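The values are calculated or read from the model by the stated rules, or taken from the named source; none is laboratory data. Computed from a predicted structure; not experimentally measured. Cβ: placed from backbone, ideal geometry, glycine included. Neighbour counts: every protein chain shown. In case anyone asks, the SASA skips ligands and DNA or RNA and just uses the protein heavy atoms, side chains included. Shrake-Rupley method; radii C 1.70, N 1.55, O 1.52, S 1.80 Å.
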Amino acid sequence: MTNVTRRGVLAGGGAIGALWAFGVPRLSAADRPALPIPPELRADAQGEIPITAQPGEMHFRPGMTTPTYGFNGPFLGPAVRVKRGESPVMKVTNRLPEETTMHWHGLIIPGADDGGPYRIIDPGATWRVKLAIDQPAATLWFHPHIYPVTAELVIKGLAGLFIIDDEESEALPLPKTWGVDDIPVVLQDRRFDADGRFFHRFNTIAIAAGYVGDTMLVNGAVDPVARTAKGWLRLRILNGSNARNYELGLSGDRPFHVIASDGGLLDAPVRLTRLPIAAGERYEIMVDARDGRPFDLVSHPVAHQAIMRLPPFDAALPLMSVQPDGAESDARLPDRLASLPTLPAVLPPVSQGLVMQMYRDTEAMKVMRATGLMEMAKSGRTDPAVVAKVVAAITEEPALPLKAQLTANGINGSPFSFIQPGFKAPINTDLTWSISEETDTMLHPVHIHGCQFRVTTRDGAAPPAYMAGWKDTVPIENGGNAQIYVRFPCKASEDNPYMAHCHNLEHEDSGMMTEFSVG
């Protein structure tokens with residue numbers, strides 16, 4: 001029998017039902033929203049792909065209107081589809097009342113095309129950029145990268161999927177019918193003010209922990225239901241949250257197979273029942289739904305980050321339901337997926353280190369300890385009185401002055417600065433970089449522009465099999481470290497450099513970012 005808890009359900013089989021968050025009865029599948037499927041957007045007859053950043057509004061909660069931003073719509077954006085060898089012209093128009101940029105996260109393109117914080121798009125302006133697509137099939141994404149307000153723009157809804165196809169992936173018997181057996185899943189946590197607006201404040205908690213939401217959105221919907229084909233299903237999962245990481249599973253500990261990471265297919269499927277995914281990361285999984293039984297995608301409590309285990313994330317939390325009751329799909333799980341280059345027996349020596357640093361961590365920890373959060377975490381029990389104090393700290397601690405925000409975090413001894421020159425990396429050269437943190441235990445998902453790399457070690461050991469493919473973001477935590485094997489095929493000038501930063505967006509917007517040129 002299913003074990004019911006106060007906030008969620010630890011499923012013994014089938015879909016999670018009964019009680020949901022905060023003891024509120026979960027609506028039946030018929031009364032819940034359908035999973036929104038972003039429309040596919042391909043190049044037109046002129047080879048252009050138009051994307052417009054625009055304001056809008058959404059009704060995430062009954063009777064409440066939330067002002068939003070979106071691409072080609074009120075919230076989030078389409079799924080851009082391109083094929084390796086194509087060179088689409090991205091026509092990016094800014095209809096927002098503020099500046100923005102457009103970063104193509106995971107694309108291997110020159111620094112001038114990358115859309116970092118130097119490539120500003122003014123209100124009313126259009127940026128046309130030709131993207132030469134020359135990398136394997138992968139699930140990438142696009143979002144603003146304007147310093148220091150990336151976090152706020154992404155919270156409002158500016159994000160979309162960018163999917164590359166190639167002949168090798170199309171030849172595999174993978175699920176390929178968009179929204180039927182090939183399902184996009186964009187995970188984001190949000191918190192709302194009383195008037196329905198998204199909450200966001202750069203205070204002491206934010207610059208340390210990042211954004212702490214209490215409501216889950218999947219493709220912009222709360223607890224949606226996906227009606228899918230019956231058979232093997234492919235879920236393309238993007239952690240589009242600002243800071244939250246997830247420990248994902250399926251109800252009843254139903255197994256699944258990881259088939260791809262950030263930069264493309266793995267060499268072979270990896271069977272799991274739990275998958276950690278940090279902010280900015282993507283994983284594609286396949287689920288055997290040939291039996292037609294419904295199931296839930298579930299978030300389990302994470303380790304090491306007490307503030308990220310506040311309700312409803314202190315128990316197994318269903319994020320969305322899947323009802324595989326459609327026509328039968330003939331897709332199947334291949335034994336082999338892609339031919340990844342073999343790593344050299346002797347790797348290059350470390351040529352560059354990136355050390356993530358938090359300069360106001362002591363101050364933030366003092367605020368969090370005063371709430372009783374650490375003691376509650378050690379006890380393993382959720383105390384509503386402590387939760388109320390922590391939420392008050394998240395929402396009521398005053399915003400930091402801008403100078404304090406911009407100097408709260410850094411890399412290699414300095415917060416990000418437009419006037420401070422970055423380092424240089426050689427073009428088309430095999431490199432080993434080291435990524436680490438100092439004494440803090442925060443999770444830092446470190447993203448590097450202009451490349452897809454291979455993780456060679458994580459905390460001194462080989463990476464788990466699901467992380468052994470192409471990556472552009474690697475999480476470190478609990479005083480940990482990683483080494484990566486990387487090559488930069490494209491140029492990036494000092495005027496249009498690449499970025500390396502923590503993809504906890506509040507960390508990025510408070511200085512945990514550096515720049516580098518390639519040539």
Please list, ordered by first then second residue, the pairs with beta carbon atoms under 8 Å, 6 or more apart or interchain, first in region 239-256 and over 20 Å from residue 143 (Cα atoms) and part of a strand (DSSP E or B), second basic (Lys, Arg) and modelled with pLDDT of 95 or more. 247/274; 248/274; 249/274; 256/271
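Go through the residues of region 472-482 one by one and say whether even a single one is among the hydrophobic types (A, V, I, L, M, F, W, C) and either over 22 Å from residue 284 (Cβ atoms) or open to solvent by 30 Å² or more (accessible area, probe 1.4 Å) (or both).
Step one: list which residues in region 472-482 are among the hydrophobic types (A, V, I, L, M, F, W, C), which gives 474, 476, 482.
From the residues that got through so far, the ones that are either over 22 Å from residue 284 (Cβ atoms) or open to solvent by 30 Å² or more (accessible area, probe 1.4 Å) (or both) too are 476.
Yes: one or more hits.
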Kindly provide the set of residues from region 174-210 that are of a type in the set (Ser, Thr, Tyr) and part of a loop (DSSP other than H, G, I, E, B), ordered by number. 177
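I'd like the full set of residues that are assigned to a loop (DSSP other than H, G, I, E, B) and within 13 Å of residue 510 (Cβ to Cβ), limited to region 406-425.
Our first condition is that a residue be assigned to a loop (DSSP other than H, G, I, E, B); within region 406-425, this holds for 407-408, 412-413, 415-422.
If the condition is that a residue be assigned to a loop (DSSP other than H, G, I, E, B) and within 13 Å of residue 510 (Cβ to Cβ), then 407, 408, 415, 416, 417 are the ones that fit.
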Scan of region 241-288 for residues that are surrounded by fewer than 24 Cβ atoms within 10 Å (Cβ to Cβ) and on the phi > 0 side of the Ramachandran plot, ordered by number: 252, 253
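Have a look at 227, 234, 271 and point out the one that is of a type outside the set (S, T, N, Q) and either in contact with a Gly (Cβ under 9 Å, 6 or more places away or on another chain) or modelled with pLDDT under 95 (or both).
Working: 234 fails: either in contact with a Gly (Cβ under 9 Å, 6 or more places away or on another chain) or modelled with pLDDT under 95 (or both); 271 fails: either in contact with a Gly (Cβ under 9 Å, 6 or more places away or on another chain) or modelled with pLDDT under 95 (or both).
Only one candidate passes the filter, namely 227.
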Could you run through region 210-240 and say how many residues are surrounded by fewer than 22 Cβ atoms within 10 Å (Cβ to Cβ) and within 27 Å of residue 397 (Cα to Cα)? 2
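Report whether or not residue 517 is surrounded by fewer than 22 Cβ atoms within 10 Å (Cβ to Cβ) and among the polar types (S, T, N, Q).
The answer is yes for residue 517.
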Residue check: is residue 414 open to solvent by 80 Å² or more (accessible area, probe 1.4 Å), touching a residue at least 40 places away in the same chain (Cβ under 8 Å) and within 30 Å of residue 463 (Cα to Cα)? no
Residue in region 491-509 that is assigned to a loop (DSSP other than H, G, I, E, B) and more than 25 Å from residue 417 (Cβ to Cβ) present: no
If you go through region 123-150 one residue at a time, how many are open to solvent by 10 Å² or more (accessible area, probe 1.4 Å) and within 20 Å of residue 84 (Cα to Cα)? 6
Across (1) open to solvent by less than 10 Å² (accessible area, probe 1.4 Å); (2) in contact with a helix residue (DSSP H, G or I) (Cβ under 6 Å, 6 or more places away or on another chain); (3) assigned to a loop (DSSP other than H, G, I, E, B); (4) not aliphatic (A, V, I, L, M), residue 469 clears everything bar (2)
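Conditions tested, residue by residue: (1) part of a helix (DSSP H, G or I); (2) over 21 Å from residue 353 (Cβ atoms); (3) touching a residue at least 24 places away in the same chain (Cβ under 8 Å); (4) open to solvent by 30 Å² or more (accessible area, probe 1.4 Å).
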| position | (1), (2), (3), (4) |
| --- | --- |
| 390 | yes, yes, yes, no |
| 398 | no, yes, yes, yes |
| 404 | yes, yes, yes, no |
| 427 | no, no, yes, yes |
| 435 | no, no, yes, no |
| 439 | no, no, yes, yes |
| 451 | no, no, yes, no |
| 457 | no, no, yes, yes |
| 463 | no, no, no, no |
Can you name every one of the strands (runs of 3 or more DSSP E) wholly within region 289-378 that holds 1 or more residues which are open to solvent by 30 Å² or more (accessible area, probe 1.4 Å), over 30 Å from residue 424 (Cβ atoms) and modelled with pLDDT of 95 or more? 317-323
